[in-house]
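Novice: Take this structure, written in structure tokens, and hold onto it; I'll ask about it next.
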Amino acid sequence: MKDLLLKYAQYNVWANDLLIDVLLGLSEQQLDQEIVSSFPSIRKTVYHTWSAEHIWFQRLSLVEHPTWMEGGFFGTFSEACHNWKAASADLQHFTANLYDEKALTHEFMYYDLKKNPHKTPVNQTLLHVFNHSTNHRGQLITMLRQAGVKKIPQTDFIAFVRLKHS
């Protein structure tokens, strides 16, 4: 199980990096163009995805009062993308440092954004985080097409696997 989760953590970093390279080339108008999706713009989708990876890393690290970055961030888009990359790398390092199967199945307690308590196994949480990011990367790709971007990288898991094994 750890090998699979680590592979998916590595994939998450790789796919985010590819997409962020494209996102950093967008104009402010493209970033803020209203597009119907889960979030109304590319910028807001990026901030949400980064915030989710960041807060889940904090929860997994047992931070007592984790912070949700999306609403209180006033930096540049480039800084947000840098922070997103850091959150993805943090999740990869966390996964790599899990020492055995017991650590993967350990249920940890955390609070959601509405302050409701939950207990979830580490392995299921990691699967959720990586799946959540994949979902929003797919939305970003559709949003990029609607914003007129023509050169969009292939970010499917199989592309990552083939690249790493060719």
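Novice: At a Förster distance of 30 Å, what's the computed FRET efficiency of Leu127 paired with Ser78, Cβ-Cβ distance as r, to 0.05?
Specialist: 0.50
Novice: Picking from Val13, Val46, Val149, which is most flexible by a Gaussian network model of the chain using Cα springs under 10 Å?
Specialist: Greatest mean-square fluctuation among the candidates belongs to Val149.
Novice: Something else about it: Quick check: the distance between the Cα centres of the range 22-47 and the range 70-125, to the nearest angstrom?
Specialist: Between the Cα centre of the range 22-47 and that of the range 70-125, the gap is 23 Å.
Novice: Compute the signed sum of charges (Lys and Arg +1, Asp and Glu -1) over the other residues within less than 13 Å, Cβ to Cβ, of Leu104.
Specialist: In short, -2.
Novice: Under a 5 Å amide H to amide H cut-off, with H placed in plane at 1.01 Å, what residues pair with Phe108 once short-range neighbours are removed?
Specialist: It is Thr120, Val122, by chain and number.
Novice: Ranked by Cβ crowding within 10 angstrom, fewest neighbours first, how are Phe74, Phe108 ordered?
Specialist: Phe74, Phe108
Novice: Order by neighbour count: His128, His136, fewest other Cβ atoms within 10 Å first, most last.
Specialist: Ascending Cβ contact count within 10 Å gives the list His128, His136.
Novice: Continuing with this model, one more query. Under the definition of Cα pairs under 8 Å and six or more residues apart, what whole-number percent is the relative contact order of the chain?
Specialist: Worked out over the chain, it gives 33 percent.
Novice: Among all the lysines, which ones have a C-alpha under 22 Å from Lys150's C-alpha, if same-chain residues fewer than 8 places away are not counted?
Specialist: Lys44
Novice: Can I ask one more? To the nearest 20 debye, what is the magnitude of the charge dipole of the chain about its Cα centre, counting +1 on the Cβ of each Lys and Arg and -1 on the Cβ of each Asp and Glu?
Specialist: 340
Novice: Label-point separation (nm) for Val63 and Met109, each offset 7 Å from Cα along Cα-to-Cβ?
Specialist: Distance between the two pseudo-spin positions: 2.0 nm.
Novice: Okay, moving on. If the reach is capped at under 20 angstrom between alpha carbons, list the aspartates and glutamates near Lys151, excluding any in the same chain fewer than eight residues apart.
Specialist: Leaving aside aspartates and glutamates fewer than 8 places away in the same chain, those within reach of Lys151 are Asp17, Asp21, Glu28, Asp32.
Novice: Add -39500 (n - 2.57) for each DSSP H run of 4 or more in the chain, then divide by its residues: what number comes out at 222 nm, to the nearest 500 deg cm²/dmol? Present the calculation step by step, with values, prior to reporting the outcome.
Specialist: Numbers: 7 runs with 105 residues, N = 166.
Helix contribution divided over all residues of the chain: -20500 deg cm²/dmol.
Novice: Given 5 Å bins starting at zero, what is the percent of C-alpha pairs of the range 57-166 in each, up to the one with the largest pair distance?
Specialist: 2, 9, 14, 20, 21, 16, 11, 6, 2, 0
We did not get these values from a lab; they are worked out from the coordinates using the rules stated. Given the structure is predicted, the values throughout are model-derived calculations rather than measurements. Note that we place each Cβ from the backbone using ideal geometry, even for glycine, and neighbour counts take in every protein chain shown.
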